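J.: First the structure, which I've put down as structure tokens, then a few questions once you've had a look.
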Amino acid sequence: MNNLSTKHLLGIKDLTADDIHLILNTAASFKEVINRPIKKVPSLRDITIANLFFENSTRTKLSFELAEKRLSADVINFAASSSSVTKGETLIDTVNNILAMKVDMVVMRHPNPGAALFLSKHVDAKIVNAGDGAHEHPTQALLDAFSIREKLGNLKGKKIAIIGDILHSRVALSNIFCLQKCGAEVMVCGPTTLMPKYIQSLGVKVEHDLRKALEWCDVANMLRIQLERQDIKYFPSLREYTMLFGLNKELLDSLSKKIVIMHPGPINRGVEITSDVADGDQSIILEQVENGVAVRMAVLFLLAGRA
């Protein structure tokens, strides 16, 4: 199979296991490309891609932009904060104006869950969801899966603990769907107040003791506390959160086995993870960043139907 079963990448929920493996295998060949002296390929030379970011982003935006340029696509960047959206223009108007410029693909991050799906029904371009509210962030889950596969050989039967603010995290939801489709076991760990009510229906283990979660897993994916999405207080203080759910070197070294440490970024150093763990030899955080470009190249390439 050389084609994805879906026309857009709106969420991991819509992908089959075959789709995921195709993306990861394609990303592996693109990773070789970006490690060559000449990092560009002409694969998307006649494709125009618009990056629409209605929410702040540094890593995801840069990663997509680099992926697009490595594939030789023409790129239009659009930041909502400096656009007519602030004057009351609707999402449809904004996108239709951009499509009138003959854009083939739209990469969009939006604060509202379902924005990418809404867009896919109204405009005639391929849509890539770069994060919609607290719903999904599919390319992050794919790059996380790629990074684990690269480090451990495969995902089947591996135990992954996702630790932290599960309630507000689109990364957690996309990771759960992705890892389960790849045959991994998933546990979520964090304060009760930061667990969604529906979490058990997703077939994951739930743990509120950090040490138990770390002893169980092969890989710990540490999420940051998403203070910008919290309208009420979910725990007494950051200091208390760090005491109960922060990962430090002492705790890591006291475990009965070596585990792999991940983080989708940006890191709140000293809150969910200390610097010596983030920068330590068990961490693959920088590999995740590098793999993000290869995975996003694979997604854009496959959606453009160039496989």
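J.: Based on the alpha-carbon set only, what is the convex hull volume of region 80-215 divided per residue, in Å³?
T.: 143
J.: Which of LEU52, LEU251, LEU44 moves most in a GNM of the chain, Cα contacts under 10 Å?
T.: Ranking LEU52, LEU251, LEU44 by mean-square fluctuation puts LEU251 first.
J.: Of the chain, which part is the longest with no trypsin sites (Lys or Arg not before Pro) in a loop (DSSP not H, G, I, E, B) and with at most 15 other C-beta atoms within 10 angstrom?
T.: Here the longest run is 46-101.
J.: Need one number: % antiparallel among DSSP beta bridges in the chain, to the nearest 5.
T.: The antiparallel fraction comes to roughly 5 percent.
J.: Once Lys and Arg get +1 and Asp and Glu get -1 on their Cβ, which of VAL123, SER57, VAL186 lies farthest toward the positive end of the dipole of the chain?
T.: Selected residue: VAL123.
J.: At 0.36 nm per residue, and after removing the present C-alpha to C-alpha distance, how many nm does the segment from THR6 to ASN112 gain when stretched out fully?
T.: Extra length from THR6 to ASN112 when fully extended: 36.0 nm.
J.: So, one more: Which parts of region 1-16 would a label at LYS121 reach, counting a residue when its backbone N lies under 20 Å from a point 7 Å out along Cα-to-Cβ?
T.: The answer is 6-15, whose backbone nitrogens lie closer than 20 Å to the label point.
J.: With only Lys, Arg, Asp and Glu charged, each at its Cβ (+1 for the first two, -1 for the last two), find how big the charge dipole of the chain is about the Cα centre; round to the nearest 20 debye.
T.: Here the chain has a charge dipole of around 400 debye.
J.: If you average the sequence gap of Cα pairs under 8 Å that are 6 or more apart and divide by the length of region 131-259, what percent do you get for the contact order?
T.: About 27 percent, as a whole number.
J.: Moving on. Treat the count of other C-beta atoms within 10 Å as a stand-in for reagent exposure and order SER43, SER275, SER256 from fewest to most.
T.: Ranking SER43, SER275, SER256 by Cβ neighbours within 10 Å, fewest first, gives SER256, SER275, SER43.
J.: Can you tell me, using C-alpha contacts under 8 Å and at least 6 residues apart, the relative contact order of region 196-307 as a whole percent?
T.: That works out to 28 percent.
J.: For LEU247, what residues show an amide H to amide H distance below 5 Å, using hydrogens built from the backbone and excluding near sequence neighbours?
T.: ILE273, THR274
J.: Pop the C-beta distance of LEU286 and LEU238 into the FRET formula with R0 = 22 Å and round what comes out to the nearest 0.05.
T.: Computed FRET efficiency for LEU286 and LEU238: 0.30.
J.: On to the next question. Using a 7 Å offset from the Cα along the Cα-to-Cβ direction at both LEU62 and THR90, what is the distance between the two label points in nm, to one decimal?
T.: Once both label points are built, they end up 3.6 nm from each other.
J.: Of LYS158/LYS181; LYS181/LYS249; LYS151/LYS181; LYS7/LYS159; LYS159/LYS258; LYS151/LYS197, which ones are farther than 22 Å apart at the Cα?
T.: LYS181/LYS249; LYS7/LYS159; LYS151/LYS197
J.: Taking Cα pairs under 8 Å and at least six residues apart, what relative contact order does the chain come out at, in percent?
T.: Relative contact order for the chain comes out at 21 percent.
J.: Same structure again: About the Cα centre of region 105-232, how large is the charge dipole given +1 on each Lys and Arg Cβ and -1 on each Asp and Glu Cβ? Please answer in debye to the nearest 20.
T.: In total the dipole reaches around 260 debye.
J.: How far is helix 170-181 tilted off the main Cα axis of the chain, in degrees rounded to 10, range 0 to 90?
T.: The angle comes out at about 90 degrees.
J.: Using θ = phi - 60° and the Karplus relation 6.51 cos²θ - 1.76 cosθ + 1.60, list the HN-Hα couplings for region 38-49 in order, rounded to whole Hz, with x at every Gly or Pro.
T.: So the Karplus estimates, Gly and Pro as x, are 9, 8, 9, 10, x, 3, 10, 4, 9, 9, 10, 10 Hz.
J.: Stretched out fully, how many nm does the piece from LYS13 to VAL206 gain, at 0.36 nm a residue minus the Cα gap?
T.: Contour length minus the Cα-Cα distance gives 67.4 nm.
J.: Looking at GLY292, GLY270, GLY305, which one has the Cα that reaches farthest to the positive end of the dipole of region 266-307 (charges on Cβ: Lys, Arg +1; Asp, Glu -1)?
T.: Towards the positive end, the residue furthest out is GLY305.
J.: Turning to a different aspect of this structure: Can you put VAL260, VAL128 in order, fewest other beta carbons within 10 Å first?
T.: If I rank by nearby Cβ atoms, fewest first, I get VAL260, VAL128.
Each reported figure results from applying straightforward, stated rules to the coordinates on display, with no laboratory input. Owing to the predicted nature of the structure, the values given are computational and were not obtained by experimental measurement. All Cβ positions, even for glycine, are placed from backbone atoms using ideal geometry, and neighbour counts span all protein chains on display.
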